[in-house]
Ligand SMILES: Nc1ncnc2c1ncn2[C@@H]1O[C@H](COP(=O)(O)OP(=O)(O)OP(=O)(O)O)[C@@H](O)[C@H]1O
Ligand SMILES: [Mg+2]
């Protein structure tokens with residue numbers, strides 16, 4: 001059963017025979033890569049959509065793919081209910097007492113029954129406690145309740161922060177960002193406006209644009225005052241006052257103010273910032289499943305939150321490098337109202353853009369709904385995977401059929417036959433159309449690993465939310481020297497020269513003055529330090545590293561035998577060219593040790609600086625032995641691990657693809673020969689052809705089918721091999737002689753089986769070879785050699801202090 005783990009395929013369920021209303025043995029395995037073209041799940045209430053969605057999320061987590069899930073109904077929190085031992089005590093706190101009462105059971109009895117139900121359900125689907133354990137270890141589940149306090153909070157304040165530079169520089173992305181933010185904010189205020197004519201819209205979007213373009217952030221109070229006193233005079237060619245008189249602007253500001261003052265609003269300001277990277281990976285870089293439970297919010301609040309979240313996802317996506325592998329999943333459990341065919345709610349724009357653009361960056365959208373009438377099918381014609389469950393009305397069926405037809409655009413689509421199939425679907429049975437496969441599949445969803453307790457209560461969510469999951473952003477790596485530098489306060493015990501005396505020093509000593517902006521010359525004391533600047537090349541050909549870094553170090557001067565010690569230096573972030581070459585007039589100067597007035601000292605200090613850099617300023621990097629990859633300078637362990645995981649997925653997908661290419665024609669030939677040999681046997685022996693052949697299919701066969709594409713080695717044809725041979729041999733042993741045709745068939749089948757075993761071995765190697773999750777990274781320290789250290793400046797720096 002383990003065959004498919006870690007190979008980038010999701011175990012969704014087993015094929016289902018609609019005519020015989022019976023489960024088949026063949027597993028339905030879905031290539032995670034295929035999800036980059038997005039999936040839609042449609043079915044009536046109770047048809048098993050959420051069960052399927054939870055199954056997909058579980059598979060993703062097991063495969064180390066992070067998930068953001070938007071949960072308008074409150075049952076996705078069930079993903080946190082995973083009990084590797086399946087003990088009744090584990091179930092007890094979560095069972096529904098009303099359901100227990102309905103069944104005439106005590107809570108304990110019911111928990112016992114549920115534990116048993118799960119054990120049985122899982123084993124029927126070939127799953128066990130180990131798989132639950134695997135899921136638990138693979139990803140942490142976090143439940144956020146934005147605008148509420150039961151789960152983790154999400155602070156929306158940051159969302160009015162200026163977007164990253166890349167977004168501002170990308171005209172379309174920047175426009176989108178401004179539009180979506182304005183739109184969602186106005187929705188929260190109860191407006192439903194047209195961006196082209198609405199004054200509110202135009203004013204607020206202009207404010208965002210004005211502030212953000214300067215790289216500044218704006219919070220709600222800031223926005224309220226900017227509405228009253230806009231930071232510009234004109235909108236288009238009109239002056240603000242005639243476009244939108246201050247009296248009217250005041251009422252808009254009042255509306256925002258009431259929102260801000262409302263008791264519920266505080267909850268929107270508390271919690272983690274909207275940071276997609278933090279939602280997707282924990283502090284160690286391990287993938288997370290972040291569930292955003294929004295059942296408690298009003299319609300307009302939900303729209304506001306969902307739109308803001310999609311907005312952030314969009315910015316995040318745009319910052320990712322392109323990929324062909326699945327990087328993350330965005331799942332929405334009920335799409336109703338967010339992507340309607342005609343209306344234009346704020347959520348629609350980011351969803352459309354995501355549907356069009358996210359695939360190139362590896363983000364797969366999984367969108368689920370029970371309202372087939374409420375979908376923009378034109379937008380969804382981009383979706384590559386359709387899961388259709390039981391539908392309620394004929395009308396719904398027609399809508400879905402039209403949608404499927406659009407998605408199949410150009411490809412073959414048998415509307416009538418599909419219509420008949422859809423009419424016959426039962427609960428948990430789905431019609432799966434995947435553009436990457438030749439044929440649709442009808443399957444029943446596998447039993448989920450998580451306990452489906454139903455919507456969680458507030459208290460239950462709180463119990464599942466350990467506040468420790470919130471963590472501080474780690475400091476960026478700073479190769480072992482502290483950053484500085486605020487102007488210091490002058491130590492009055494130091495002797496100070498008189499105002500007029502600019503100290504006179506030998507010409508060979510270079511002097512610079514650090515900028516003293518903001519200090520009154522009368523309060524300014526220049527304190528002497530030694531400044532050194534160096535370029536360092538870190539190189540290690542074995543590891544393929546060649547990185548140059550520039551350092552500017554500032555070290556204090558002391559009286560006494562050791563006037564300067566570079567290990568006391570601070571690294572400053574100043575370009576030497578930005579330093580002043582003359583002091584501000586009217587400043588005082590602190591005393592300095594004799595050594596600082598001797599040109600020879602600076603020669604010594606230069607030599608000492610090279611020595612200091614060589615021994616102390618090494619470049620610290622991480623190395624992954626599995627992928628033979630070294631981290632970038634400045635990349636912390638978490639970021640490196642995140643990059644490694646995705647890279648491992650890409651390499652694995654490539655390796656599988658290479659195998660597919662290698663075996664494709666071999667299998668094609670064998671299949672064709674097999675078909676002909678079989679025909680011949682059938683011709684000679686009508687008996688064998690009449691016999692209904694069916695065999696238990698091993699997971700391995702299904703895996704090959706899923707990875708190699710069904711057309712080349714259809715799981716069925718291989719599965720039938722054994723039985724066909726057995727039944728034919730039986731027919732022949734009962735009297736007749738085994739003909740040459742049967743021998744041929746047997747030999748071809750033996751070859752296919754051999755090839756299959758060879759393939760399985762190779763896949764096994766792949767699944768073991770790209771596991772970087774548990775990998776221990778090696779610390780690599782690269783020290784520069786003296787000849788790679790160029791000290792190009794050592795001089796006296798006058799550092800401004802106030803007194
Ligand atoms: N994969 C599964 N494993 C075990 N039980 C399941 C599974 N899928 C569905 N069920 C059972 O069927 C019930 C209904 O399924 P589900 O909640 O998935 O329907 P739905 O289509 O999401 O309905 P709604 O539109 O009302 O949300 C679940 O409460 C659960 O008891
Ligand atoms: Mg549901």
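Rule-based calculations on the coordinates, nothing more; no lab input. Computed from a predicted model, the values in this text were never measured in an experiment. Ideal geometry is used to build each Cβ from the backbone, glycine not excepted, and the neighbour counts take in all protein chains shown.
Any chance you could run the full-extension gain for residue 248 through residue 743? It's 0.36 nm times the residue separation minus the Cα-Cα distance, nm to one decimal.
Working: separation 495, 0.36 × 495 = 178.20 nm, distance 9.12 nm.
That works out to 169.1 nm of additional length.
Using Cα pairs under 8 angstrom and six or more residues apart, how large is the relative contact order of the chain, in percent?
So the answer I get is 19 percent.
Take the alpha-carbon centre of the range 448-464, take the same for the range 364-405, and report the distance between them in whole Å.
The distance from the Cα centre of the range 448-464 to that of the range 364-405 comes to 29 Å.
Could you give the angle, 0 to 90 degrees to the nearest 10, between helix 49-62's Cα long axis and the longest principal axis of the Cα atoms of the chain?
Relative to the chain, helix 49-62 is tipped by roughly 60 degrees.
Quick check on the range 760-803: what are the equivalent-ellipsoid semi-axes from the Cα gyration tensor, as sqrt(5λ), descending, whole Å?
53, 18, 8
How are the alpha carbon pair distances in the range 140-184 distributed across 10 Å bins from zero to the largest one, expressed in percent?
Spelled out per bin, shortest first, that is 24, 36, 27, 13.
What percent antiparallel are the DSSP beta bridges of the chain, to the nearest 5? Walk me through the numbers on the way to the answer.
Details: 58 of 96 bridges.
Antiparallel bridges: around 60 percent, rounded to the nearest 5.
Given the Cα-Cα distance of residue 270 and residue 786 and 0.36 nm per residue of separation, how much length would full extension add, in nm?
That pair, residue 270 and residue 786, stretches by 180.6 nm at full extension.
By its C-alpha gyration tensor, with a ≥ b ≥ c as the square roots of the eigenvalues, how is the range 1-49 shaped: rounded for a/c under 1.5, else prolate for a/b larger than b/c, else oblate?
Judged from the Cα gyration tensor, the range 1-49 comes out oblate (a/c at least 1.5, b/c at or above a/b).
How big is the range 5-106 on each of its three principal axes, counting only the C-alpha atoms and giving the largest first in Å?
Per principal axis, max minus min of the Cα coordinates gives 45, 38, 29 Å.
Consider just the alpha-carbon atoms of the chain and return their Rg together with their Dmax, both in angstrom.
Just the Cα atoms of the chain yield Rg and Dmax of 33.8, 124 Å.
Given axes a ≥ b ≥ c from the Cα gyration tensor, I'd like to know whether the range 234-311 is rounded (a/c under 1.5), prolate (a/b larger than b/c) or oblate. Spell out each step's value before the answer.
Numbers: a/c = 3.16, a/b = 2.03, b/c = 1.55.
Because a/c hits 1.5 or more and a/b exceeds b/c, the range 234-311 counts as prolate.
For every helix of n ≥ 4 consecutive DSSP H residues, a contribution of -39,500 (n - 2.57) applies; sum these over the chain, divide by its total residues, and give [θ] at 222 nm rounded to the nearest 500 deg cm²/dmol.
Working: 25 runs with 322 residues, N = 803.
The per-residue figure over the chain is -12500 deg cm²/dmol.
Sort out for me the Cα centre separation of the range 506-542 from the range 230-287, rounded to whole Å.
The distance from the Cα centre of the range 506-542 to that of the range 230-287 comes to 42 Å.
Could you let me know the centre-to-centre spacing of the range 3-80 and the range 93-153, using Cα atoms, in angstrom?
Each part's Cα centre sits 17 Å from the other's.
Output the peptides 289-299, 669-679 sorted from most to least packed, where packing is the average of other Cβ atoms within 10 Å over each peptide's residues.
289-299, 669-679
So for 626, 790, fewest C-beta neighbours within 10 Å to most, what's the order? Could the numbers behind the result be given before it?
Details: 626 16, 790 13.
Going from least to most buried by this count: 790, 626.
Considering the Cα trace of the range 224-269, what is its radius of gyration and what is Dmax, both in angstroms?
For the range 224-269, the Cα-based Rg and Dmax read 13.2, 40 Å.
Please compute the Kirkwood hydrodynamic radius over the range 556-663, one decimal place, Å, based on all pairs of different Cα atoms.
19.5
Taking the 0 to 90 degree range and rounding to the nearest ten, how far is the long axis of helix 107-124 tilted relative to the main principal axis of the chain, both from C-alpha atoms?
For helix 107-124, the angle is close to 70 degrees.
Which semi-axes, in whole Å and largest first, does the equivalent ellipsoid of the range 599-644 have when worked out from the alpha carbon gyration tensor as the square roots of 5 times its eigenvalues?
Result for the range 599-644: semi-axes of 37, 10, 6 Å.
Using only Cα atoms, tell me the angle between helix 599-616 and the longest principal axis of the chain; keep it within 0 to 90° and round to the nearest 10.
Helix 599-616 sits roughly 20 degrees off the main axis of the chain.
What do you get when you divide the Cα radius of gyration of the range 358-437 by 2.2 N^0.38 Å, with N the number of residues?
Relative to the rule-of-thumb radius for its length, the range 358-437 sits at 1.08.
Contour minus end-to-end for residue 25 and residue 85, with contour as 0.36 nm per residue of separation and end-to-end as the Cα-Cα distance?
Answer, rounded to one decimal: 19.0 nm.
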